[in-house]
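To keep things clear, I will list the structure first and then write my remarks on it.
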Amino acid sequence: MARYVQSTAQSDSYFFTARAARSGDDLFIRHIDILRQAFRKTRETRPFIIDEIVVLPDVIHTLWTLPEGDADFSQRWRMLKSLFSRAVDGPKDTCTLRLRPGEKGLWQRRFWEHKIRDADDLAAHRHLIFSAPVQAGLIKRPEAWPYSSIHRAIARGTHVPEPSVGAAHRRAPPERIAPQPNRVA
């Protein structure tokens, strides 16, 4: 059995990625109000601060600051996933043989976590969160995505939208570069 090591440091900040069990599903957007309620109830029971968050159709990226002396993020995620799952019907075509007791097949079993090390690491992960909808090809500008804390960051003055973001500023992958015609001299 896997053994996970958790930090016992005080007042930790973490970046998390949690995914829907089915890639390409619109689960989180379709049930955004239920997801928000699950976050609220989890925070009431096991307090933490959501510094930044973006909810994509099948992925959640978020930065949390946990209370001093309480780095138990796993219990918080377990509660959040459970609250959400109880309120949402599971897919009807899920093979019950693949599910563990109590699962509905809505979430990937694990989540990805990264402890924020310093201000540069925090800035990089904030950028990842704000640009995720653009990178996913859902919109052209981060502030156009309605399910992001970028709006809160802009309102409080901690984020200034960049004048240009998106495909025009990303290098095209090699397979998208148009081949040059062969010229015969």
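The values are calculated or read from the model by the stated rules, or taken from the named source; none is laboratory data. Small disclaimer: the values here were computed from a predicted structure and weren't measured. So basically every Cβ, Gly included, is an ideal-geometry build from the backbone, and we count neighbours across all protein chains shown. Each accessible area value is taken on the protein alone, full model and side chains, heavy atoms only, with ligands, DNA and RNA left out. Shrake-Rupley method; radii C 1.70, N 1.55, O 1.52, S 1.80 Å.
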Inside the stretch 91-124, can you point out the residues that are assigned to a loop (DSSP other than H, G, I, E, B), modelled with pLDDT under 60 and either hydroxyl-bearing (S, T, Y) or open to solvent by 50 Å² or more (accessible area, probe 1.4 Å) (or both)?
K92, D93, T94, C95, R100, P101, G102, E103, K104
Filter the stretch 48-82 for residues that are closer than 27 Å to V134 by Cβ and open to solvent by 40 Å² or more (accessible area, probe 1.4 Å) and give the result.
I49, D51
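Answer yes if at least one residue in the stretch 40-47 is part of a loop (DSSP other than H, G, I, E, B), at pLDDT 95 or above and either open to solvent by less than 10 Å² (accessible area, probe 1.4 Å) or of a type in the set (K, R) (or both), and no otherwise.
yes
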Being assigned to a loop (DSSP other than H, G, I, E, B) and crowded, with 18+ Cβ neighbours inside 10 Å is the filter; apply it to the stretch 1-39 and report the residue that is modelled with the highest pLDDT.
D12
Which condition does S131 not pass, out of (1) in contact (Cβ under 8 Å) with a residue 12 or more places away in the chain; (2) hydroxyl-bearing (S, T, Y); (3) open to solvent by 60 Å² or more (accessible area, probe 1.4 Å), if it passes all the others?
(3)
